[in-house]
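Report on the structure given below.
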Amino acid sequence: MRSLFQSVVSNLTTKVNKALKSVEWIKISLEFTQRDVQKFKPLRAEVEKVKKQLDLLSKEPDSQSLKMEYLENQSRRNNIRVNGIPESSKESTLTLQIRLSRQDLSRRAIKH
């Protein structure tokens, strides 16, 4: 009976020792992980800052598009719209002015 009791106690002692080693290993692992987490805490604020900057930058193209459209519309206010004159992609504004002036002068010369 005594040997059975010693065997059970020995078996339990072995299991308890294995459990203690496992607990010790888990404790060491947890401490290591906590140190890593502590290292990354300051980065959380940095990540939030970068997220805010990204949000601002993603909205900027919309703002720039609106500004550009506004400026284009304002620049059109000074343009003159002419109907009845055929457009040519090869003709510059200056050559068009010269051609129209010559046509106008020749019409005036014919009338007088």
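Where a number appears in this text, it was derived from the coordinates with a stated rule and is not lab data. Quick caveat, the model's predicted, so the values are computed rather than measured. Backbone-built Cβ (ideal geometry, glycine too); neighbour counts: all protein chains shown.
Worth a mention:
- The slack in the chain from Ile110 to Ser3, taken as 0.36 nm per residue of separation less the alpha-carbon distance, amounts to 24.6 nm.
- Between Lys18 and Glu69, full extension at 0.36 nm per residue minus the direct alpha carbon distance yields a gain of 10.9 nm.
- In a simple Cβ point-charge model (Lys, Arg +1; Asp, Glu -1; nothing else charged), the chain has a dipole of about 20 debye relative to its Cα centre.
- Separation of the Thr93 and Glu60 label points, Cα + 7 Å toward Cβ, nm: 3.2
- 0 to 90° range, to nearest 10: angle between helix 2-76 axis and the chain longest Cα axis: 10
- Taking Cα atoms only, the orientation of helix 93-111 departs from the longest principal axis of the chain by about 20 degrees.
- Dipole magnitude for segment 59-112: about 480 debye, using +1 per Lys or Arg Cβ and -1 per Asp or Glu Cβ, origin at the Cα centre.
- Shape class for the chain, computed from the alpha carbon gyration tensor (a ≥ b ≥ c): prolate, with a/c not under 1.5 and a/b above b/c.
- Only Lys, Arg, Asp and Glu carry charge here, each on its Cβ (+1 for the first two, -1 for the last two); on that basis segment 1-60 has a dipole of about 240 debye about its Cα centre.
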